[in-house]
Amino acid sequence: MWLTGLPGSGKTTSAEYLLDALVREGVSATTLDGDVLREGISADLGFSPADRDENVRRAGEIALLLAGQGDVVIVSLVSPRRAARDAVRERHRTREVCFVEVHVAAPLAVCEERDPKALYRRAREGTVANMTGVDDPYEPPLTPDLVLATDVRSIEDTGAQLVDAVRRTLGVAAQRS
């Protein structure tokens, strides 16, 4: 489950909700959060387009490894460039691993209002550069598998959508086996 969207759109909250729900159901699952990856495995990367794409690639490879161990992997990562996400999708396809792209969709104004890390404010003040949605573009998915309208629906509603998507995906995967 690849959750992409603007900073502050609700990716991490949605991922945590889904993880909790799956664990309660006895499903082996894990999350890969963009902030956590940036503190560790991608600490050497900046925010240039090439570095952002490399961060997405690394997250995709880790997701493949974890999925190979039987986990449902929930990635919450801005992943602003469509081509980078498409490359991860293709890599999953060639490895015969399900890839579900979820657009966590909230308008920029809502994300700026939420601004949990004050990134938007700092970007508008000029103290943060290359901020996705401000001075760096975000390319939303053209045909996501699921859209979560986190600006108008509760976490319980969008979380239920995610849980249903995982159940459908697991059902399809089980039918292939």
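Every number here is computed from the coordinates shown, using simple stated rules; none is lab data. For clarity, every value in this text was computed on a predicted model and none was experimentally measured. Backbone-built Cβ (ideal geometry, glycine too); neighbour counts: all protein chains shown.
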R85 vs (1) surrounded by fewer than 16 Cβ atoms within 10 Å (Cβ to Cβ); (2) charged (D, E, K, R); (3) under 12 Å from the mean Cα position of the chain (by Cα): all pass except (1)
Taking region 112-133 and keeping only residues that are loosely packed, with under 12 Cβ neighbours inside 10 Å and under 16 Å from G46 (Cα atoms), one is left with T127
Just a yes or no: is a residue in region 37-54 without any contact (Cβ under 8 Å) to a residue 24 or more places away in the chain and touching a Leu at 6+ places or on another chain (Cβ under 7 Å)?
yes
Inset, instruction - Answer yes or no: is there a residue in region 15-22 that is in contact (Cβ under 8 Å) with a residue 12 or more places away in the chain and within 20 Å of R82 (Cβ to Cβ). - result: no
Residue set D33, D71; condition crowded, with 16+ Cβ neighbours inside 10 Å, over 26 Å from P116 (Cα atoms), touching a residue at least 12 places away in the same chain (Cβ under 8 Å) and not aliphatic (A, V, I, L, M); output residue D71
Report yes if some residue within region 17-27 is buried (at least 21 other Cβ atoms within 10 Å of the Cβ) and either among the β-branched types (V, I, T) or within 23 Å of P116 (Cβ to Cβ) (or both); otherwise report no. yes
